[in-house]
Ligand code: FES
């Protein structure tokens, strides 16, 4: 689904930018993909995706920490 119509950015591209390039702020998304840089109507939806991606990344890193601790 398109999130930023001005720049043709999809939800998948935003999630990928968070997971693979470590974007964790709206400024990062704006820099990487141009999200929110024009009219700004996409900013609330992009922030929500960013928040979801951050919590997913946090839980993955927690799991890695727990697994690393279990093998030590
Ligand atoms: S819809 Fe994203 S800047 Fe306009």
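Is it the case that the stretch 40-51 has a residue that's at pLDDT below 95, surrounded by 13 or more Cβ atoms within 10 Å (Cβ to Cβ) and assigned to a helix (DSSP H, G or I)?
yes
Looking only at the stretch 3-13, filter to residues that are outside any helix (DSSP H, G or I) and in contact with a helix residue (DSSP H, G or I) (Cβ under 8 Å, 6 or more places away or on another chain); which one of those is surrounded by the fewest Cβ atoms within 10 Å (Cβ to Cβ)?
7
Kindly list, by first and then second residue, each pair from a residue in the stretch 49-63 that is under 16 Å from residue 35 (Cα atoms) to a residue that is modelled with pLDDT under 85, limited to pairs with Cβ atoms under 9 Å and residues at least 6 apart or on different chains.
none
So if I check each of 19, 23, 37, which one is more than 12 Å from the ligand (Cβ to nearest atom) and assigned to a loop (DSSP other than H, G, I, E, B)?
23
So which residues in the stretch 14-29 are in contact with a helix residue (DSSP H, G or I) (Cβ under 9 Å, 6 or more places away or on another chain) and either surrounded by fewer than 18 Cβ atoms within 10 Å (Cβ to Cβ) or in contact (Cβ under 8 Å) with a residue 40 or more places away in the chain (or both)?
Across the stretch 14-29, the qualifying residues are 15, 19, 21, 22, 24, 25, 26, 28.
The values are calculated or read from the model by the stated rules, or taken from the named source; none is laboratory data. Please read all numbers here as calculations on a predicted model, not as lab measurements. Note: ideal-geometry Cβ built from the backbone for every residue, glycine included; neighbour counts use all protein chains shown.
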